[in-house]
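The next block holds one structure in the form of structure tokens; read it before the comments.
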Amino acid sequence: MDRIYLYEENPRHEPMESQDEIIEYLCKDEQVFNLARSIAEAGPNPLQLVGLVQIPGSGSAATKKTYQVWEGNRRVCAIKLLNDPDLAPPHLRKDFARLSSTSGHVPIKKLSAVIFGDHDDLKYWMGIIHNGSQGGVGLLDWDAAQKARHFGSSRNRVALAVLDAAESLGFISKEERQGKLTTAQRFLNSSIVREALGIDSSSPDDVTYTRPSDDIKKQLARFVDDLKEGEKVNSRRNRAQIDTYGRKLAGSSDITGERIEPISLKTITPTVVKSRRKTQPQKPRPATHLEYDKGLAKALEDHTNSKLEGLYYSICAVHVEHTLLLTIGVWAFVESLAALAGKNADTDFNAFFSNQKMSALGVGTGKALNAVRDALGRISRDGNATKHHQVSANFDRLQLANDLATITPLLTKTAESVAPRK
């Protein structure tokens, strides 16, 4: 390294007369400190060689050969400053000294290089490296999909997995996918959009789906069609617009709203018609989410407010294993809806929804209201206990899911009784 000098006429800068001048420029304008940090941590890139030219007159008599670095000035500069921080510009010497000492950097005395005797030959190869793709002759940058496969950005991996699944199902071709990854990533970065599709990204290395097979395929087909068409799903949408799109997607009328245990998206295959005959009873799938009712969601959208829409979406999006959180969330949802419908602050919602009130809303009469009354009582009692008591809480996820389903007709009628939103 002591016999290698920075090239005064490197294309990165105007011709310069001294090593100090070149070093100052490279540190100021060519991000050498960041490169030095990388070299201190991982060493020089073994995939990149340095291109050298012997300095005329060196190596004669008793002198050793010395070289100018034509290709790799930034790397050589960074290594020299790590080896000897005193060579750095005065305001950076402490920074390079600290970087060298804290990283445990071992001075690099030798560097793999190619020595060129033919300057034109060296210039040709420098052009291959620095002059763009040149129709495939030069270096080709990876596109977004290729970067996602290599670097593994969690957000890109989710979008990549979704597009891979869509392609395997025939919803999008390789050609149609070009340039779509970044937009897909922006939308799939929204938890609302992922939940609407039925995508679980908790493990980006193995993205899963949580809707029944037919439902996830319908939702994926809609999303991909919108992505290809470019009006509803495009790079111009902001976060609020993306979330609104997700809520509308969740309200698709031809899906069941059911949830299943997570299944790897890699395993999804085109629908195959199979015999409906079963040889033995199948154990019911355990509920993974509170049931999302499209009628109630539509009533909330038309008559209530963003808080109630958001609360309802959230309690149906959170996994039922978070029973305590959901117990309080359901209580808050019912309490807020009752308040919007006229309940005063001194009355709990269980009292507000009297038999007379429920009859007036058209929910039912007499004994038909007993189950609704019991469900309201449990939601009120369990919600208050979970919120306020130091020990007592509701851990019965199945009962909570059943109670919400039981009072959903009442909640729908209550939302519809509120004046339409303007």
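Quick look at the numbers
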| item | result |
| --- | --- |
| Enclosed volume per residue, in Å³, of the convex hull spanned by Cα atoms of segment 369-422 | 97 |
| Length-normalised contact order of the chain in % [C-alpha pairs under 8 Å, at least 6 apart] | 10 |
| Qualifying lysines (Cα of each under 16 Å from Cα of Lys422; at least 8 residues distant if same chain) | Lys298, Lys307 |
| Given charges at beta-carbon only (K, R positive; D, E negative), |dipole| of the chain in Debye | 1640 |
| Local electrostatic count, Asn402, Cβ distance below 14 Å [Lys/Arg +1, Asp/Glu -1] | -4 |
| DSSP H segments from the chain that extend 20 Å or more along their own axis, Cα-based, with Kyte-Doolittle mean of 0.5 or above | 323-340 |
| Sorted largest first, extent of the chain alpha carbons per principal axis (Å) | 114, 53, 48 |
| Selection from Ser101, Val69, Ala184 lying farthest towards where the dipole of the chain points positive, charges on Cβ | Ala184 |
| 222 nm mean residue ellipticity, helices alone, for the chain (DSSP H n ≥ 4; -39,500 (n - 2.57); rounded to 500) | -15500 deg cm²/dmol |
| Residue of Val76, Val224, Val318 that the Gaussian network model of the chain assigns the largest fluctuation, springs spanning Cα pairs under 10 Å | Val76 |
| Local electrostatic count, Val69, Cβ distance below 15 Å [Lys/Arg +1, Asp/Glu -1] | +3 |
| Packing-based order for 78-89, 169-180, using average beta carbon neighbours within 10 Å, highest first | 78-89, 169-180 |
| Peptides 348-356, 20-28 ordered by average Cβ neighbours within 10 Å, highest first | 20-28, 348-356 |
| Furthest towards positive pole of dipole, Leu47, Ala196, Ala405, structure part the chain, Cβ charges | Ala405 |
| Segment 163-228-segment 330-360 distance, computed between alpha-carbon centres (Å) | 39 |
| Qualifying lysines (Cα of each under 16 Å from Cα of Lys343; at least 8 residues distant if same chain) | Lys357, Lys413 |
| Protection-proxy order for peptides 372-385, 4-17, each taking the mean of Cβ atoms within 10 Å per residue, highest first | 372-385, 4-17 |
| Sparse-neighbour loop sites [trypsin sites (Lys or Arg not before Pro); segment 82-121; at most 12 other C-beta within 10 Å; DSSP] | Lys109, Lys110 |
| Computed over segment 184-235, Cα set: Rg, Dmax in Å | 11.0, 30 |
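A short reminder: the numbers here are calculations on the coordinates, not readings from a lab. A quick note: this is a predicted structure, and the numbers were derived from the prediction, not measured. Virtual Cβ from ideal backbone geometry, glycine too; neighbours counted across all protein chains shown.
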